[in-house]
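Below is one structure, written out as structure tokens, with a few remarks after it.
The values are calculated or read from the model by the stated rules, or taken from the named source; none is laboratory data. All of these numbers come straight from a predicted model, not from anything done at the bench. Quick reminder, even Gly has a Cβ in these numbers, built from the backbone with ideal geometry, and neighbours come from all protein chains shown.
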Amino acid sequence: MLLRREDMHPSVSDPEASSMNFLNEIANRYPNAISLAAGRPYEGFFAAQDIPHYFSRYLEYLEARKFSPTRMLMQYGRTNGIINDLIAQMLAKDEDIRVPNEAVAVTAGCQEAMVIVLRGICSGPDDVLLAAEPCYVGITGAARVLGIPVIPVPEAEGPQGVARAAKAARADGKNPRALYLVPDFANPSGACLSLGERHQLLAVAEAENLLILEDDPYGLFGLDDRPRPRLKSLDTNKQVIYLGSFAKSAFPGARVGFFVADQEVIDTQGNRTLLAEELSAIKSMLTVNTSPVSQAVIGGFLLQHGCSLRAANADRVSFYRENLNTLLKALGEHMPEGTTWNTPAGGFFATVDVPVIADVALLERSAADYGVLWTPMSFFYTKGAGQHSIRLSCSYLERNEVTEGVRRLAALIADQLAERDGLGNRAGAEG
Ligand SMILES: Cc1ncc(COP(=O)(O)O)c(C=O)c1O
């Protein structure tokens, strides 16, 4: 049978999905290029032999509590997970987020948490999601799969922009249900909310009757130890659904993430349940339950470190700090005049504004002639913005590769500018 692509759901031919496929495809075609595109964690922290070690640690924990490991790990399991207690302890210890175990649902990566939460909170055709833009493609892609419209809110407009967007959406007959953002070291911009903005945002959410989807994969990786309270820890009115991932703080292959939804849901008879428990109906139809084998490995990882991700990540934190500092230093040393960049306070990403169009054609040239990959920022905007902007990631590389990658990028941009100004072509950085 031959299927016509145009008969399939629009998410199949989603331009964002094809952007990401293009990045993977170009990385495969130029395997020796330095990738400042990949937001993957550094593999030097991974050792496959740790997996059985963490698994055994969790087995011991189950046995000490007289649970049957066979039943717990080999049978179909509880929909919302088995390591909820350890995650709740971790959140209390690391982030001062205090929630009952039942408010935590363990998911197949943060990606599944996004799908479950969006599906659960958006019901009618007028329900929309507000999302800080530039925006992580995982949430816009999830919304597209579910047919939920996304209204971008320029990140730079802050909490006032959110209030404006919510009001404008309502005036347009829409029902904004939630705002999605990454408050700490966002992907792709690296931006971070100040404490004042966090309080303002919570006030706006309350006034506009919005939930906040706080996505926090990078919060551990600040350049300094300054406390940056999570929105969820400041959330006295239960506006915030917290989205967690172990992809960067443990390892992405486990495919374990979670969400915290301690909001109450009331039915027509006045019965109340926790939102996380309500949403388990959706999870049961997506993945039944998150692999208990994977949960056991992450559970063992948490137990090994006294249920503190911060403690578990001390080495990673210093590695990523040095890499981001290296990236920022290399930009200062190598980028030609006319380029500017932000200086994130942490995380995996920085953005560079260049006086040329940073599109896939330039990326192709960059890979072929200069041996460096990066991500066009236009991939993270809904309506053609970000044409002159590049996302650089420094998480996957050794420090010398970060510096060399920036040097190559600088050569590409300098040559583009020289060509534009009719000054001819210099040799490619690898030439
Ligand atoms: C903003 C954001 N959220 C979530 C994730 C991680 O999702 P998962 O736990 O599904 O790997 C990432 C990974 O790149 C991300 O950048």
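Taken over region 377-396, residues that are touching a helix residue (DSSP H, G or I) at 6+ places or on another chain (Cβ under 7 Å), within 18 Å of Leu328 (Cα to Cα) and not polar (S, T, N, Q) amount to 4. For region 119-149, the set of residues classified as more than 17 Å from the chain's Cα centre (by Cα) and hydrophobic (A, V, I, L, M, F, W, C) consists of Ile121, Cys122, Val128, Val145, Leu146, Ile148, listed by residue number. Of all residues in region 257-276 being assigned to a strand (DSSP E or B), more than 22 Å from the chain's Cα centre (by Cα) and not β-branched (Val, Ile, Thr), which is farthest from Ile51 (Cα to Cα)? Restricting to residues being assigned to a strand (DSSP E or B), more than 22 Å from the chain's Cα centre (by Cα) and not β-branched (Val, Ile, Thr), the top hit is Arg272. Scanning region 113-128 for residues that are in contact (Cβ under 8 Å) with a residue 24 or more places away in the chain and surrounded by fewer than 16 Cβ atoms within 10 Å (Cβ to Cβ) returns Gly124, Asp126. All of Thr403, Thr375 fail the test of being among the polar types (S, T, N, Q), in contact (Cβ under 8 Å) with a residue 40 or more places away in the chain and closer than 21 Å to Val137 by Cα, apart from Thr375. The set of residues in region 385-402 that are closer than 12 Å to Ala358 by Cα, among the small types (Gly, Ala, Ser) and in a loop (DSSP other than H, G, I, E, B) comprises Ala385, Gly386.
Cys110 passes every criterion in (1) buried (at least 21 other Cβ atoms within 10 Å of the Cβ); (2) away from the ligand (no atom under 16 Å from the Cβ); (3) under 30 Å from Met8 (Cα atoms); (4) not aliphatic (A, V, I, L, M) apart from (2). Of the residues making up region 230-269, not one is under 27 Å from Tyr42 (Cβ atoms) and more than 16 Å from the ligand (Cβ to nearest atom).
Among the residues making up region 31-40, those that are buried (at least 17 other Cβ atoms within 10 Å of the Cβ) and away from the ligand (no atom under 16 Å from the Cβ) are Ala33, Ile34. Quick check on Gly384: is it farther than 22 Å from Ser19 by Cβ and surrounded by fewer than 18 Cβ atoms within 10 Å (Cβ to Cβ)? Here the answer is no, as Gly384 does not meet what is asked. Does Asp172 satisfy the condition of being surrounded by fewer than 21 Cβ atoms within 10 Å (Cβ to Cβ), at pLDDT 95 or above and more than 15 Å from the ligand (Cβ to nearest atom)? For Asp172, the condition - surrounded by fewer than 21 Cβ atoms within 10 Å (Cβ to Cβ), at pLDDT 95 or above and more than 15 Å from the ligand (Cβ to nearest atom) - is met.
This table checks each residue for (1) under 23 Å from the mean Cα position of the chain (by Cα); (2) modelled with pLDDT of 95 or more; (3) not aliphatic (A, V, I, L, M).
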{"residue": "Trp341", "(1), (2), (3)": "yes, yes, yes"}
{"residue": "Asp353", "(1), (2), (3)": "yes, yes, yes"}
{"residue": "Ile357", "(1), (2), (3)": "no, yes, no"}
{"residue": "Ala367", "(1), (2), (3)": "no, yes, no"}
{"residue": "Gly371", "(1), (2), (3)": "no, yes, yes"}
{"residue": "Met377", "(1), (2), (3)": "yes, yes, no"}
{"residue": "Thr382", "(1), (2), (3)": "yes, no, yes"}
{"residue": "Gly386", "(1), (2), (3)": "yes, yes, yes"}
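The residue pairs whose first member lies in region 155-180 and is in contact (Cβ under 8 Å) with a residue 40 or more places away in the chain and of a type in the set (Ser, Thr, Tyr), whose second member is surrounded by 21 or more Cβ atoms within 10 Å (Cβ to Cβ) and not in a strand (DSSP E or B), and whose beta carbons are closer than 6 Å, counting only pairs six or more residues apart or on different chains, are Tyr180/Ile139. Whenever a residue of region 220-243 is within 13 Å of Glu95 (Cα to Cα), its partners that are away from the ligand (no atom under 16 Å from the Cβ) and in a loop (DSSP other than H, G, I, E, B), lying with C-beta atoms within less than 6 angstrom and at least six residues away or across chains, give the pairs Lys232/Ile97; Ser233/Asp96; Ser233/Ile97. Would you check if Leu279 is away from the ligand (no atom under 14 Å from the Cβ) and assigned to a helix (DSSP H, G or I)? In short, yes. Condition check for Gly124 on (1) within 16 Å of the ligand (Cβ to nearest atom); (2) of a type in the set (Gly, Ala, Ser); (3) within 24 Å of Asn237 (Cβ to Cβ); (4) part of a loop (DSSP other than H, G, I, E, B): one failure, at (1).
Conditions (1) within 16 Å of the ligand (Cβ to nearest atom); (2) aromatic (Phe, Trp, Tyr); (3) assigned to a strand (DSSP E or B), marked per residue:
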position	(1), (2), (3)
Ala168	no, no, no
Pro176	no, no, yes
Leu179	yes, no, yes
Pro183	yes, no, no
Ala186	yes, no, no
Ser189	yes, no, no
Gly196	no, no, no
Gln200	no, no, no
Val204	no, no, no
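Please go through region 41-63 and pick out each residue that is within 16 Å of the ligand (Cβ to nearest atom) and not in a loop (DSSP other than H, G, I, E, B).
Scanning region 41-63 gives Glu43, Phe45.
Within region 263-275, residues that are farther than 23 Å from Leu118 by Cβ reach no partner that is among the aliphatic types (A, V, I, L, M) and in a strand (DSSP E or B) with beta carbons closer than 7 Å at six or more positions or on different chains.
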